[in-house]
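See structure below.
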Amino acid sequence: MKVLSIVGARPQFVKLAPLSKEISSKFNEVIVHTGQHFDEEMSQFFFNDLGIPQPKYNLEISGGHHGEQTGRMLKAIEEVLYLEKPDLVIVFGDTNSTLAGALAATKIKLRILHIEAGLRSFNKFMPEETNRIVTDHVSDYLFAPTLTAMKNLRREGLKDKAIFTGDIMVDSLEMAINVADSNKILESLDLSLNDYYLCTLHRPYNVDDEKIIIRILKGLGKLSKTVIFPIHPRTKTIIKNNNVRLSSNIKVINPVGYIDFCILQANSLKIITDSGGIQKEAYLLKKPCITLRSETEWVETIKSGWNLLLNPKEVLDISVLIENFQPKKKYCQIFGQNVAKRMFNEIVRIFS
Ligand code: UD1
Ligand code: UDP
């Protein structure tokens, strides 16, 4: 049996790693990289850190408007699918690469598995929301990471295709923690344990609006400790183009590889982010997380009291709420365990 996995953006490499290990143990695995993320630190670092086999195809498609990017991917992925004729196509998460992969596969009637199905922000202005809804509705098998995701799928009439598996990033994080054998990254940045904030930002509604990004950075500048800020290329461009001046406590660095980033998370005081994956990792690492958004798909992390939603469009000075946030410290296993194995067993069951 041939399984073809489609990835393209940083979080998808993280999600692919543990599943790829399982799949390649029994099936013929083909990896397709759309090229959506292409800088070494946004792509190759993850293949190196997590031991992911090199993609058989790199379509080198990135940039451009959403529709155009998705359209170019759709065409190129279709060609690969005709060539490879896989028995199963796997897509991950909610990026344009996910949508293009799912659309290309459904058009030629291939079977599709969506990993991280059922998430909803109920915010149609996020491109990811459209990507996930369409992907879920054209997929044949939906692996849901949380019980809320299962509920969302039931509400949309997709119950029969849905399986609660837990979240694959539980296994990715475990892989990274197991191989992380030094805290060199902390030494190189001159950081002490639990004595710095870690921040990432890349959502268009935070970084594409000059007024909002400046407001966020002003808030970070008022924090009493160093803020380590591995900067996403989208955010870097905006800050550069607008000549934004940063306060001296904000340390901008290039994006780091997955293992280093997990070490930075695990030893931080608090994490400030608008990333989906990082909200989960913060929870799994029992780190207080402040999410700079008006809503989140990961509602369990909010209910548990470890994650605080803070909308920079509404709060003029985010620094006070960040400094004062104390999590309730109630912790339960909302994302499951041994998820890759569980997913693999489901795939074997479906195809036997
Ligand atoms: C994309 C996903 C988003 C995901 C994020 C993860 C969509 C709609 N968005 O957003 O869901 O959370 O990835 O990080 O699919 N760029 C570089 N080098 C790179 C990667 C990107 O310079 O290695 C540039 C691109 O050329 C583009 C900009 O950064 O100009 C944004 O990249 P893009 O992939 O379009 O969107 P992201 O903001 O990364
Ligand atoms: N990440 C990383 N290095 C960085 C920043 C993030 O390895 O400098 C990892 C992080 O641990 C998580 C993933 O990238 O697993 C999240 O990606 P991102 O925030 O870009 O996307 P999202 O999850 O929001 O879609």
**OP:** Name every residue in segment 154-187 that is closer than 22 Å to Lys15 by Cβ, of a type in the set (S, T, N, Q) and touching a residue at least 24 places away in the same chain (Cβ under 8 Å), in order of residue number.
**Re:** Thr165, Ser172
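Does Gly35 satisfy the criteria of being within 16 Å of ligand 2 (Cβ to nearest atom) and assigned to a loop (DSSP other than H, G, I, E, B)? Talk me through it step by step, then tell me what you get.
On the way: within 16 Å of ligand 2 (Cβ to nearest atom): yes; assigned to a loop (DSSP other than H, G, I, E, B): yes.
Considered against the rule, which asks whether it is within 16 Å of ligand 2 (Cβ to nearest atom) and assigned to a loop (DSSP other than H, G, I, E, B), Gly35 comes out as yes.
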Subject >> Only one of Asp39, Asp49 that is out of contact with any Lys or Arg (no Cβ under 9 Å at 6 or more places or on another chain), charged (D, E, K, R) and more than 8 Å from ligand 1 (Cβ to nearest atom) >> reply: Asp49
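Taking Phe13 as the residue in question, decide whether it is under 25 Å from Leu74 (Cβ atoms) and not in a loop (DSSP other than H, G, I, E, B).
Details: under 25 Å from Leu74 (Cβ atoms): yes; not in a loop (DSSP other than H, G, I, E, B): yes.
So Phe13 passes the test.
Residues checked against (1) outside the structural domain of Ser247 (by TED's automatic domain parsing); (2) within 20 Å of the chain's Cα centre (by Cα):
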{"residue": "Ile290", "(1), (2)": "no, yes"}
{"residue": "Ser294", "(1), (2)": "no, yes"}
{"residue": "Trp298", "(1), (2)": "no, yes"}
{"residue": "Thr301", "(1), (2)": "no, yes"}
{"residue": "Pro312", "(1), (2)": "no, no"}
{"residue": "Asp317", "(1), (2)": "no, no"}
{"residue": "Lys330", "(1), (2)": "yes, no"}
{"residue": "Ala340", "(1), (2)": "yes, yes"}
Subject >> Test set (1) more than 12 Å from ligand 2 (Cβ to nearest atom); (2) among the polar types (S, T, N, Q); (3) surrounded by fewer than 17 Cβ atoms within 10 Å (Cβ to Cβ) - Thr226 fails condition number >> reply: (3)
**OP:** Specify the residue that is farthest from ligand 2 (Cβ to nearest atom); the eligible residues are those in segment 239-258 that are among the aliphatic types (A, V, I, L, M) and more than 21 Å from the chain's Cα centre (by Cα).
**Re:** Val244
Original post:
Name the pairs whose Cβ atoms lie under 7 Å apart, with the first residue in segment 198-220 and away from ligand 1 (no atom under 13 Å from the Cβ), the second outside any helix (DSSP H, G or I) and of a type in the set (S, T, N, Q), and 6 or more positions between them or separate chains?
Top reply: Leu198/Ser268; Cys199/Thr273; Glu210/Asn242
Original post:
Pairs under 8 Å by beta carbon, first residue more than 10 Å from ligand 1 (Cβ to nearest atom) in segment 228-239, partner at pLDDT 95 or above and basic (Lys, Arg), six or more apart or different chains?
Top reply: Ile228/Lys251; Phe229/Lys251
**OP:** Tell me, please, whether a residue that is under 24 Å from Ala340 (Cβ atoms) and within 14 Å of ligand 2 (Cβ to nearest atom) can be found in segment 103-114.
**Re:** no
**OP:** Answer with yes or no whether Ser25 is of a type in the set (Ser, Thr, Tyr), more than 12 Å from ligand 1 (Cβ to nearest atom) and in contact with a helix residue (DSSP H, G or I) (Cβ under 7 Å, 6 or more places away or on another chain).
**Re:** no
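With segment 89-204 as the region, which helices (runs of 4 or more DSSP H) entirely inside it contain at least 2 residues that are polar (S, T, N, Q)?
96-107, 127-138, 147-155, 169-179
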**OP:** Would you mind stating whether Asn324 is without any contact (Cβ under 8 Å) to a residue 12 or more places away in the chain and over 24 Å from Gln12 (Cα atoms)?
**Re:** yes
Original post:
Looking at Ile163, Ile108, Ile133, which one is within 16 Å of ligand 1 (Cβ to nearest atom) and of a type outside the set (Gly, Ala, Ser)?
Top reply: Ile133
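The values are calculated or read from the model by the stated rules, or taken from the named source; none is laboratory data. A quick note: this is a predicted structure, and the numbers were derived from the prediction, not measured. Cβ sites come from the backbone with ideal geometry, for glycine too, and all protein chains shown count toward neighbours.
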